[in-house]
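The numbers here are math on the coordinates, done by the rules we state, and not lab data. Small disclaimer: the values here were computed from a predicted structure and weren't measured. FYI the Cβ positions are ideal-geometry reconstructions off the backbone, even for glycines, and counts take in every protein chain you see.
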Amino acid sequence: MARTWVPPWYENETMIDDLKKEAAARMAKSVDALKQELTKLRTGRAHASLLDHITVSYYGNDVPLNQAASVGVADARTLVVTPWEKNMVGPIEKAILKSDLGLNPASAGTTIRVPLPPLTEERRRDLVKVVRHEGEGAKVAIRNIRRDVNGQIKTLLKEKKIAEDAERQAQDEIQKLTDRHIQEVDKVLSAKEAELMEI
């Protein structure tokens, strides 16, 4: 079957659209990675996702804790971990102890209670610094994506695959994307900071 004729500018527009879609997806991934990283930071309140990044040895394989046990919230300051199998109580307790969360689990039969110590004012300030540092990392990643995509757009212009006005318009749109994702990072950060400073 003969290929239908496509005007050259149409192909170039789709190339720019693909670049924009790729940039948006990569920027969104940076925001998601930040959110994931911030769930590890302990606030004064108990929530099941606090233990999400902990892995435990289960039949010789390291698996996420939530694949070896159920994690629930007993009250505002206590998590309850119930292993699927009795023989997993010890390994899960060890994994929580060894984690970077500074928690002291206590097992009672087949369940493990994980009390969350209250945060001191100093610890809260330290955590806010960590949050801001993580946020800065996410913003740098987003700006690097902008730089990469703008470089690819300039290459298209150099190879005369797009016109100058198309290049300018594409760069403006990439800038808007960048601004939108950086605003999203700021929202995530201020929500986490508010959560950390809550007593």
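Tabulated data for the structure shown
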item	result
R0 of 25 Å, Cβ-Cβ distance GLU136-ASP172: FRET efficiency to nearest 0.05	0.50
Rh by Kirkwood over Cα pairs, then Stokes-Einstein D for segment 48-115 at 1.002 mPa s and 20 °C, µm²/s	184 µm²/s
DSSP loop GluC sites (Glu not before Pro) with at most 13 other Cβ within 10 Å excluded, longest remaining stretch of the chain	1-84
Kirkwood hydrodynamic radius of the chain, from inverse mean 1/r over distinct Cα pairs, in Å	20.2 Å
Contour minus Cα-Cα distance for VAL128 and ARG143 (0.36 nm per residue)	3.1 nm
C-alpha long axis of helix 121-158 to longest principal axis of the chain, angle in °	20 degrees
3J(HN,Hα) from dihedral phi, segment 15-29, Karplus parametrisation 6.51/-1.76/1.60, rounded to Hz, x for glycine, proline	4, 5, 4, 4, 4, 5, 4, 4, 4, 4, 5, 5, 5, 4, 4
Distance (nanometres) between label positions extended 7 Å along Cα→Cβ at LYS21 and LYS98	4.4 nm
Exposed-site-free run, longest, the chain (rule: chymotrypsin sites (Phe, Trp or Tyr not before Pro); DSSP loop; at most 13 other C-beta within 10 Å)	85-199
Separation of the TRP84 and GLU13 label points, Cα + 7 Å toward Cβ, nm	5.2 nm
Assigned charges on the beta-carbon of Lys, Arg, Asp, Glu; segment 48-115 dipole about Cα centre (debye)	160 debye
Cross-link pairs beyond the 24 Å C-alpha cut-off, checked among LYS94/LYS139; LYS94/LYS192; LYS98/LYS139; LYS21/LYS187; LYS20/LYS154; LYS20/LYS158	LYS94/LYS139; LYS94/LYS192; LYS98/LYS139
Charge dipole magnitude, Cβ of K and R +1, D and E -1 - the chain, Cα centre, debye nearest 20	280 debye
Label-point gap, in nm, between GLU121 and ASP75 - each point 7 angstrom along Cα→Cβ	2.6 nm
Mean Cα-pair separation over length for segment 48-115, i.e. relative contact order, pairs under 8 Å, 6 or more apart, %	27 percent
SER107/ASP186 FRET efficiency (R0 45 Å; Cβ-Cβ; nearest 0.05)	0.65
